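Notes follow the structure.
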Amino acid sequence: MVMTRRRAALLVVAVCACAALPSTTTANKFSINWKPNTNYSDWPAQHGPFYKGDWLVFYYTAGQADVIQVDAAGYNTCDATNAISNYSKGRTYAFELNETKTYYFICSYGYCFGGMRLQIKTEKLPPPSPPAAAKDKSAAAFTASRASLFYAAAAAVLAAILRMF
Ligand SMILES: *[C@@H]1O[C@H](CO)[C@@H](O)[C@H](O)[C@H]1NC(C)=O
Ligand SMILES: *[C@@H]1O[C@H](CO)[C@@H](O)[C@H](O)[C@H]1NC(C)=O
Ligand SMILES: *[C@@H]1O[C@H](CO)[C@@H](O)[C@H](O)[C@H]1NC(C)=O
């Protein structure tokens, strides 16, 4: 009997602890069919926004295309001479957007001039949950009162548990 109540009490504590955990942000994965004779200039606007830590996964066929990371000048002139990275083995190529900056990719097989180039600007991760205080004082007060209700309830549960033993 005591053990059962103790177990139930532990379960309540565990559930409360999980409910109080902040939600975590996860990186997104963006798949892109990297094909000749395709104009990718609108692709970022259609698929973004992109955040630091997200991944681009290029699907392409070896011999038909490659994925060359270049700087802005290389992007503008479709020039792969000063490649930052070079992937030509085909199938898939996963690239982590690990910095907050603009990334440039081109295909060096000549299709870049037809639009086969990609410009991706990454943004900083947004804060996990924006504080309500900055937006609306009454909303903040409401949130605060809800929070204190939560803690009062948690305290009551804990007190009840302590009385059990
Ligand atoms: C990419 O690397 C391959 C193999 O090393 C090489 O043949 C090719 O010329 C390189 N392409 C560019 C644009 O640097
Ligand atoms: C991002 O990744 C590139 C390629 O792996 C690496 O050279 C660079 O140092 C990394 N940047 C950061 C901030 O980790
Ligand atoms: C690609 O599309 C953009 C906008 O849709 C356009 O401005 C640009 O000229 C196109 N590029 C080519 C090479 O057709």
Net charge over other residues, Cβ less than 15 angstrom from the Cβ of D54 (K, R count +1; D, E count -1):
+2
Any chance you could count the Lys pairs in the range 29-123 whose alpha carbons are under 18 Å apart, treating pairs 8 or more apart or on different chains as valid?
7
Among trypsin sites (Lys or Arg not before Pro) in the range 69-101, those in a DSSP loop whose Cβ has at most 16 other Cβ atoms within 10 Å are K89, K101
Quick query: amide H of Y109 versus all other amide H atoms, modeled in the peptide plane; which residues come in under 5 Å with a sequence gap of 5 or more or a different chain?
D66
Ignoring ligands, DNA and RNA, what accessible area per residue does the range 29-123 give at 1.4 Å, in Å²?
54
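The values are calculated or read from the model by the stated rules, or taken from the named source; none is laboratory data. These numbers come from a predicted model, not from an experiment. When we count neighbours, we look across all protein chains shown, and the Cβ atoms used for this are built from the backbone with ideal geometry, even at glycine. These accessible areas exclude ligands, DNA and RNA; they are computed on the full protein's heavy atoms, side chains included. Shrake-Rupley method; radii C 1.70, N 1.55, O 1.52, S 1.80 Å.
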